[in-house]
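Reviewing the structure listed below.
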Amino acid sequence: MQPKPFQESRIIESKVLQNSIILDDVGKVFPNGKEVLRDVSFVVNPGEFVSLVGPSGCGKSTLLRIVSGLLEPTFGTVESHSEHIGYVFQDPTLLPWRTVAQNVRLFTELHGIEARERQALTADAIQLVGLSGFEHYYPKTLSGGMKMRVSLARTLTLKPPVLLFDEPFGAVDEVLRDRLNEETQSLFLSEGFAGLFVTHSITEAVFMSSKVHVMSASPGAIIASFDIPFEYPREHGLRFSSEFVSLSKSVSQVLRAS
Amino acid sequence: MTAQVDQLADKERLIDFKQLSRGRRLARLTLPPLVFGVCFLIVWYAIAYLVLDEKRRFLLSPLHEVLQVGFFDWDNFSRILKGLWWTGRVSLMGLLISIVIGCLLAMAMSQSKLVERAVFPYMVTLQAIPILAMVPLIGFWWGYGQFSRVIVCVVISLFPIVVNTLLGLQSAEPEMHDMFTLHNAGRLTRLQKLMFPAALPAMFAGFRISAGLSVVGAIVGDFFFGQGPAGLGQLLRRYVNNVQGEELLATIIVSSILGIVVFWSFGLLRKIVIGKWYEAA
């Protein structure tokens, strides 16, 4: 699918002007006194794909909830120059009573977008994730990978300049995960959103990202950051190159030491 | 393309396999209940003819006599049908009122924690009260007419609807609520597009339980109040008093059929409304 020129120009414009997220010394203490995040600072610039890797329970998901506005930080600030932030949840969170097309359409409905435009946005998004022909299927008949694609398409209908991913491919097998990684990457390149990706898979983080932040647990804090120099688009085979492996190894060492 | 052809072939093989074993599967499905049913009839007739002597056979008349007297004698059968009409009407009216009140109450509780906290303990307590003990009071307050019978049905069938609907409304996952929050969904939108559809499976489970209870309520009310046009409850009492064993059993059979039909039609309704998307866990 070719994005309409009008929307493309809007994306490029917003990329330059607004579309970055700045976290400054963000900390979070839950009402029960548990400190889950301490002094987290980083930036997601337009066109960047940033990953957060860390052990389970290091507050990665909490951090995403804070960035999205679902939670308030206890300390520090989150500056977001983006009118809308997309959020891809860990589960596909499809509404089982809606078909694929109706699910993809949901956000455009919630934002009161007019019916004709809604239909166009929905059809475009379905085509983007390769689900044309499945519009009238109910979620119960879809595989895990297809459900995830529907969830992605639903987020893409609003053309968000920034997309947050909360371990979206944690529950699928490795082969499928690799493929979904590649598909997400090509969407990142074609749609021009900036990505903030939470995962506990080092390979996934290194493969997808231009920058990887490693987090330690309790309280969650960034202990190391890596620039990932590989050119986009990245091919499947990159995962087996010696540079990739040695970079993954350094990330892994930091993670293990924490 | 080849993958598609392969899939098609697989599908055909599956259908083939299904057809081949259809006879056997049918037998496996129908034979056990059939055998059990025959055993039941044998025991029935054994009691009627071997255990009971002729003077006491009215306690359990054999099935063919029940059919002859209760169903093939138009005088008797039309009386039972009329009873079915009155009782069916009362239980349906009671059920509909319960559904309306129950759903509204559950919705109010789902919208306000305060209302839920205030009302829910009573709902639980109400369940513990033997509702039949309330029947005389209902007659005492509202007389022994059709209205009181409907009230009995409502009182007896309200609780499962409230509880199931409330649980259903609260069944949407937190992540889904987050999703609606992220997109600035208001209360009404959230209720209409998330909570209500999510509640449907539980609501239908509640409706089905309550439908059965409402039939019980209609018969009990009619049996207890014993005035006005004779429903199944009054007939049951009359046939017991007059020692009309065959008519009594026929009325019981008709009552059972009413219960089964009501239960079954709610199952069907549920299948029509949510069968397409709902996957029973």
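The values are calculated or read from the model by the stated rules, or taken from the named source; none is laboratory data. Fair warning: this is a prediction, and the values are worked out from it, not measured in the lab. We place every Cβ from the backbone using ideal geometry, glycine too, and count neighbours over all the protein chains shown.
Of the residues making up region A:46-70, those that are away from every other protein chain (no Cβ under 14 Å) and under 14 Å from the mean Cα position of the chain (by Cα) number 10. From the list B:Ser210, B:Ser256, B:Ser214, the lone residue that is in a helix (DSSP H, G or I), surrounded by fewer than 20 Cβ atoms within 10 Å (Cβ to Cβ) and more than 14 Å from chain A (Cβ to nearest Cβ) is B:Ser256. Residue pairs whose Cβ atoms lie under 8 Å apart, separated by 6 or more positions or on different chains, with the first residue in region B:226-241 and more than 18 Å from B:Gly259 (Cβ to Cβ) and the second at pLDDT below 90, are B:Arg237/B:Gly226. Is it the case that A:Glu191 is out of contact with any Phe, Trp or Tyr (no Cβ under 8 Å at 6 or more places or on another chain), crowded, with 18+ Cβ neighbours inside 10 Å and farther than 25 Å from A:Ser246 by Cβ? Answer is yes for this residue. When region A:119-140 is filtered for residues that are surrounded by 17 or more Cβ atoms within 10 Å (Cβ to Cβ), away from every other protein chain (no Cβ under 14 Å) and hydroxyl-bearing (Ser, Thr, Tyr), only A:Thr122 remains. The set of residues in region A:75-98 that are hydroxyl-bearing (Ser, Thr, Tyr), more than 7 Å from every other protein chain (Cβ to nearest Cβ) and closer than 17 Å to A:Leu156 by Cα contains only A:Ser82.
Which ones in region B:259-281 are within 14 Å of chain A (Cβ to nearest Cβ) and within 27 Å of B:Gly70 (Cβ to Cβ)? Those that are within 14 Å of chain A (Cβ to nearest Cβ) and within 27 Å of B:Gly70 (Cβ to Cβ): none in region B:259-281. Could you list all residues from region B:159-187 that are within 12 Å of chain A (Cβ to nearest Cβ), surrounded by fewer than 16 Cβ atoms within 10 Å (Cβ to Cβ), outside any helix (DSSP H, G or I) and within 35 Å of the chain's Cα centre (by Cα)? Across region B:159-187, the qualifying residues are B:Ser171, B:Glu173. Of the residues making up region B:253-279, those that are closer than 12 Å to B:Phe207 by Cβ and among the polar types (S, T, N, Q) number 1.
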